[in-house]
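Student: Can you read through this structure? Questions will come right after.
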Amino acid sequence: MKQPKTISSAMQTLSFSRRATVIGGLQIGVGVLLAGRMAYISVAENERYKLLSESNRVNLTLVPPRRGWLVDRNGKPIANNKTDFRVDIIPDRLRDKEKTVATVAELLALDPEELERINRELEQASSFQPVQVATGLDWEQYAAVSVRLPDLPGVSPRQGFSRNYPSGPAIGHLVGYVGTASAEDYKENPDPILITPGYKIGKDGLEKIFEDRLQGKPGAKRVEVTARGKIVRELSTRPDVPGKALQLTLDVDLQEYAARRLGTQSGSVVVLDCLSGDILTMTSMPSFDPNSFSDGIGVTEYGMLREDDHVPLLDKSLKSLFPPGSTVKPMVALSFLEAGLSPDESVNCNGGLQVGNRRFRCWKRGGHGRVDMAKGIYQSCDVYFYHFAQKIGINPIALMANRLGLGQKYPLPVLSQFYGTVPDPAWLRKKYDREWQAYDTVNTTIGQGYMLVNPTQLAVMAARIATGKNIIPRLILNKKKAPIDTLNIDPEHLLYVQKAMSDVVNGPGTAGRARLPIEDVKLAGKTGTAQVVNLDFGRGGNDVAWKYRDHGLFICFAPYDNPRYAAAVVIEHGGGSSSAYPVARDVLTYLYDREKAMNVLTDLEKSWGGTIQERMDSKMAAYRAKKNLEKAMAENTDAGAGE
Amino acid sequence: MSDFIPAPIAQLPWKTILLLFVMASFGFIVLYSAAGGSLTPWAGLHMGRFVIFLAMAVVMSRFNESFWKTMAFPTYIIIVILLLGVELIGAVGGGSQRWLNLGFIRLQPSEMMKVAIILAVARFYDLLPPSQIRTWGAIWPLFALLALPCALILLQPDLGTTITVVAGALTVAFLAGLPLRLFIGGAAAIAILAPIAYFFGLEEYQQRRVTTFLNPENDPLGSGYHISQSKIAIGSGGLFGKGFMNGTQSHLDYLPEGHTDFVFATMAEEWGLFGGILILFCFFLLFRWGLGVAMKAKTRFSQLTAAGLTVTIFFYVAINLMMVMGLAPVVGIPLPFLSHGGSSMMTIMICVGILMSIDRHPGREGGAFG
């Protein structure tokens, strides 16, 4: 070492002073570093940390907006929002859990199954997350809990909105329903409102198609929360912006009447306003209750709807296709007239006609005798059409069918519509790769064979025959009256066919019982019976199994001399046209005299076992009982096997 | 004026007492707000303890240097025995144990060791003849003194306190005149050994503290939560803070340990950079006084003790502030005069009491070997 071996005290003191100064300097250095660091965090990065501090402190909860109403042409609600009362429990605020839960359960008359669920969820829930006790409560139940609130810490009665369809099943297919957003919906559009409890989106029908319009804008509630999520106070609330209302062309009273009048049958009623094309009614029964779907339908109820052979989940007015049967005869007659056939030319009907190597029968085995065009329509003589169709050919008929709306797709706000078939030689070649034969013409001319239509198309055909105008059905009300194009059919021809259709009802025709009980209003119509299976089974009347019975159809318009309303009624497997025209008669009667129509309905409903809702309820109860019995029997079998 | 005031009172180091009082009062205000505007549970107790410990420090200032000299080694031995006791009781209790419950007071012997080690090391270099300072004989006893306490405190386990104890002892050794190259070489050795120690010497939770310190945002809800929330509190305070009683980070429980180790963040949120600079300035005055006492001291033991104690308090402050500002890992060291907590305040006030004593009795020129 270079230093001297002995170090004195004085040298040590000197070294101490030096080194102490160094330490003092280091301390000042650290102090400056700390001051600089703090200044950097609190001044340079202030904005960022302020934001973080705010997002810690403030919790934003979204308030689901009220959906826009759907109203009918008179402003009557079709879908509105009902105040929904619900009760939740906030576990953290509970003082005496057992007692509180027991009291609430008693006040709300909860069943043991529900009670078990609540207790289970209370065990699992984190302390500030509310546990749902009950939703959809009525005012009395809500009030009963609310007045006891001081004795029930932790219980939170709340008020929200839920979708309500006053007409229930009568409107189901058309409006669809709402429901909570699915995981896919959220993936597609990760908007936090989608996973907010109580928020529903349109799942089907108009609710889905007009989702953007009906939706509205969510409100927001800002609350100050602690690190553990406890709400300290409300900061500010932005109210929700309700969705816009949508006015439909429907007359909801008529819609409801038609649905009820269909009774226990499976079928569809469509009524159009001949002046505008407005759809006044578009009913398909049986149906489902959109209220049940919107509340979250039970497995049992859904199972019942799915298993029903009357297919309540299918909208029959647009998505069921039927052979139109004899309802096409006025349309075919118009094509004959346009092709130059004189209406006075006649044919002798002796109950059938030989076409090629096969005899085509008339529905009247004994024959109609001499038949001209008018009689062909009002007596619905098949032989008349067999005979002249072969002379005129299929093309003018198919053309007229298209002009009158058959085989056409309409610009309606619906998720899907089946537009059926108007067969012609080109179609047949493309579809089945074979040449058009005389018997194809014969089949088509009485609305059988390949011809398929939906009930709405039948109503449009009736309206176009009634007016001679290119009426396009509408579902959304538009007050502006746009002039409707003419179909360029000779008015003489129209008058002739209209008169024959009036005679169907008011003259020597096939539907005398369809006469309206209204003075000065004459109904003009045309019956139809569509075969479901080959005649080998015999006539598909009421003596065979339901699914083999003929469909009953009826198209009509009224008043005959100044058409205002056009309608089509299709009764699936109704056993013949006699199942359809009484329905049409009563529905049109309702448009003129509600009381008279209601009296008829009330008597009928007594014999059917109550209103739609009552019948659905008793059906549901029976179904549930059956399922329980099946379950019990399966369990018994298992037990037996085990022994 | 001095005519009216009795001499013993007039002789008290009023400037220092005033400085301490200002800092403790600021701590009181912060703790009052942290409790949501309440004297309980922290602020009242904090002030009460301060007054009692201040009285204790004033009493300690009456003892002279020779008393501390005599006490140095016995105190060290007693604290080591207490540490052993903690370890034994901890073993019985199963798990980490830092406290020794004496019934009326809960003692934390590892805290007391911070003072005891300074006294013992200072006494050792005081006894060591100046000629020996550059020999092996000046080094091994230092490690001998450190070995047992450090092992015991590490076993608790309490890394933060161990570091403070070692740093205090090394500072005294540095000031005693141990060759510089030893320290430079030691620093180099630590740079090499630190990663090895990290992987083999630390408990998993301690390792996690180090990694989250390096990147707190990586684990915002786990162990990085403390640092993230503390930085949010300080950062959102801005220049002048959100105002007294307006801190949301602390009042809504986002800031953990807002009344103990992270009390600076609680303060900074409400008082901003202004409050932080005020506290730093107060500590600057305190350390200037402490080092001044050391410089003025005439005996080697006084010099080393005063400087060592000052640096011990400095370590508290530096490590705590670096921790809350995200410059050091979370090691659990409180901020003197502001954090709520009896043991640490007692330790600090013992340091202050001995400093006051040396201030009052600077000793005579020249030492035992003078």
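The values are calculated or read from the model by the stated rules, or taken from the named source; none is laboratory data. What you see is a predicted model, and the numbers here were worked out from it, not measured in a lab. Here Cβ is always computed from backbone atoms with ideal geometry, including for glycine, and neighbour counts include all displayed protein chains. Note: accessible area is taken over every heavy atom of the protein model, side chains too, but ligands, DNA and RNA are not part of it. Shrake-Rupley method; radii C 1.70, N 1.55, O 1.52, S 1.80 Å.
Student: In the protein assembly as shown, if the dipole is taken from +1 on Lys/Arg beta carbons and -1 on Asp/Glu beta carbons about the Cα centre, which of A:Met461, A:Gly303, B:Phe244 is farthest to the positive end?
Tutor: Selected residue: B:Phe244.
Student: Have a look at A:Val104, A:Val58, A:Gly75 and report the one farthest towards the positive end of the charge dipole of region A:33-125, computed about the Cα centre with Cβ charges (Lys/Arg +1, Asp/Glu -1).
Tutor: A:Gly75
Student: Run the numbers on chain A and let me know its relative contact order in percent, using alpha-carbon pairs under 8 Å that are six or more apart.
Tutor: Across chain A, relative contact order equals 13 percent.
Student: Projected onto the charge dipole of chain B (+1 at Lys/Arg Cβ, -1 at Asp/Glu Cβ, origin at the Cα centre), which of B:Thr171, B:Ala24, B:Ile234 gives the Cα projection farthest towards the positive end?
Tutor: Going by the charge dipole, the pick is B:Thr171.
Student: Ok, one more. At 0.890 mPa s and 25 °C, plugging the Kirkwood radius over alpha-carbon pairs of chain B into Stokes-Einstein gives what diffusion coefficient in µm²/s?
Tutor: Using the Kirkwood radius from Cα pairs, D works out to 113 µm²/s.
Student: Another question, if that's okay. Given a cut-off of 18 Å, what percent of all Cα-Cα pairs of region B:275-328 lie beyond it?
Tutor: 40 percent
Student: Kindly express, to the nearest 10 degrees and within the range 0 to 90, the angle between helix A:46-57's C-alpha long axis and the longest C-alpha principal axis of chain A.
Tutor: That helix lies at roughly 60 degrees to the long axis.
Student: Let me ask something else. Quick check: Cα centre of region B:290-332 to Cα centre of region A:287-338, how many Å?
Tutor: Cα centres, region B:290-332 to region A:287-338: 89 Å.
Student: Right, another one. Quick query: amide H of A:Lys469 versus all other amide H atoms, modeled in the peptide plane; which residues come in under 5 Å with a sequence gap of 5 or more or a different chain?
Tutor: So A:Lys469 has HN proximity to A:Leu487.
Student: Still on this structure, I have one more. For B:Lys15, go through the aspartates and glutamates and keep the ones whose alpha-carbon is under 16 Å away, minus same-chain ones fewer than eight residues off.
Tutor: Once the sequence-local aspartates and glutamates are set aside, what remains near B:Lys15 is B:Asp359.
Student: Taking amide hydrogens as modeled 1.01 Å from N in the peptide plane, which residues meet the under 5 Å criterion relative to A:Thr510, leaving out close sequence neighbours?
Tutor: Sorted by chain and number, the residues that satisfy this come to none at all.
Student: With each pseudo-label sitting 7 Å past Cα toward Cβ, what's the A:Val299-A:Thr602 distance in nm, one decimal?
Tutor: 4.4 nm
Student: Relative contact order for region B:248-334 using alpha-carbon pairs under 8 Å, separation at least 6, rounded to a whole percent?
Tutor: Across region B:248-334, relative contact order equals 23 percent.
Student: At a threshold of 8 angstrom on Cα-Cα distance, excluding pairs fewer than six apart, so keeping six or more, what relative contact order does region A:256-401 reach in percent?
Tutor: After rounding, I find 17 percent.
Student: Calculate, axis by axis, the spread of Cα positions in region B:129-253 along the three principal axes, and write the results as whole Å, longest axis first.
Tutor: Sorted from largest, the Cα extents of region B:129-253 read 60, 35, 25 Å.
Student: In debye, nearest 20, what is the charge dipole magnitude of chain A about its Cα centre with +1 on Lys and Arg Cβ and -1 on Asp and Glu Cβ, if you could check?
Tutor: For chain A, the charge dipole is close to 2120 debye.
Student: Given A:Lys480/A:Lys522; B:Lys69/B:Lys114; A:Lys316/A:Lys409; A:Lys409/A:Lys522; A:Lys469/A:Lys499; B:Lys69/B:Lys296, which pairs have Cα atoms separated by over 20 Å?
Tutor: A:Lys480/A:Lys522; A:Lys409/A:Lys522
Student: Also, I was wondering about something else. For region A:70-82, what does the Karplus curve 6.51 cos²θ - 1.76 cosθ + 1.60, with θ = phi - 60°, yield as ³J(HN,Hα) per residue in whole Hz, taken in order and with x for Gly and Pro?
Tutor: Ordered by residue, 3J(HN,Hα) equals 9, 10, 8, 5, 9, x, 7, x, 9, 9, 9, 10, 9 Hz.
Student: Still on this model: Quickly work out the A:Ala625-to-A:Ser416 label distance, labels modelled 7 Å from Cα along the C-beta direction, and quote it in nm with one decimal.
Tutor: If labels sit at A:Ser416 and A:Ala625, their model points lie 3.7 nm apart.
Student: Also, I was wondering about something else. Using θ = phi - 60° and the Karplus form 6.51 cos²θ - 1.76 cosθ + 1.60, what ³J(HN,Hα) does each residue of region A:198-212 get, whole Hz, x for Gly and Pro?
Tutor: Running phi through 6.51 cos²θ - 1.76 cosθ + 1.60 with θ = phi - 60° gives x, 8, 10, 10, x, 10, 7, x, 4, 4, 7, 5, 9, 3, 4 Hz.
Student: Extension gain A:Leu235-A:Thr486, at 0.36 nm per residue separation less the Cα-Cα distance, in nm?
Tutor: 84.0 nm
Student: Can you figure out the FRET efficiency of A:Thr83 with A:Trp546, using R₀ = 35 Å and their beta-carbon distance, to the nearest 0.05?
Tutor: After rounding to 0.05, the efficiency reads 0.25.
Student: Ignoring ligands, DNA and RNA, please state the percent of accessible area on region B:261-370 from carbon and sulfur, probe 1.4 Å.
Tutor: Carbon with sulfur: 67 percent of the solvent-accessible area.
Student: With a Förster radius of 25 Å, plug the Cβ-Cβ distance of A:Asn636 and A:Leu115 into 1/(1 + (r/R0)^6) and report the FRET value to the nearest 0.05.
Tutor: 0.30
Student: Averaged across orientations, what area in nm² does the convex hull of the alpha carbons in the protein assembly as shown project?
Tutor: Convex hull of Cα atoms, orientation-averaged projection: 65.2 nm².
Student: If you don't mind, there's one more thing I want to ask. List, in the order given, every pair from A:Lys99/A:Lys221; A:Lys82/A:Lys217; A:Lys329/A:Lys391 whose Cα-Cα distance in the structure shown is over 20 Å.
Tutor: A:Lys99/A:Lys221
Student: When the C-alpha atoms of region B:223-370 are aligned to their principal axes, what extent does each axis show, in angstrom, from largest down?
Tutor: If we take the Cα atoms of region B:223-370, the spans are 60, 29, 25 Å.
Student: Ok, one more. Report, in debye and to the nearest 20, how large the dipole of chain B comes out about its Cα centre when Lys and Arg carry +1 and Asp and Glu carry -1 on their Cβ.
Tutor: Magnitude of the dipole: close to 1020 debye.
Student: May I pose another question? Buried accessible area between A and B (1.4 Å probe, both chains summed, ligands and nucleic acids excluded), in Å² to the nearest 100?
Tutor: Buried: approximately 4100 Å² between B and A.
Student: Another question about this same structure. Let me know the mean shielding of A:52-58 by other chains, meaning the per-residue number of their Cβ atoms within 10 Å of its Cβ.
Tutor: Taking the mean over all residues of the peptide, I get 6.
Student: Amide H neighbours of A:Asp88 under 5 Å, at least 5 residues apart or on other chains, H built in the peptide plane: list them.
Tutor: Answer set, sorted by chain and number: A:Val133, A:Ser156, A:Arg158.
Student: Just to be sure I follow the definition: excluding the sites themselves, where is the longest run in chain B that has none of the GluC sites (Glu not before Pro) in a DSSP loop with at most 16 other Cβ atoms within 10 Å?
Tutor: Between the exposed loop sites, the longest stretch runs B:1-202.
Student: Roughly speaking, what is the stretch gain from B:Ile196 to B:Ile277, that is 0.36 nm per residue apart minus the C-alpha to C-alpha distance, in nm to one decimal?
Tutor: In short, 25.4 nm is gained.
Student: Around A:Pro491, under 13 Å between beta carbons, what's the net of Lys plus Arg minus Asp minus Glu among the other residues?
Tutor: Spelling it out: positives minus negatives among the neighbours equals -1.
Student: Given R₀ = 45 Å, FRET efficiency for A:Glu519-A:Glu184 by Cβ-Cβ distance, to 0.05?
Tutor: Once the sixth-power term is evaluated, E becomes 0.20.
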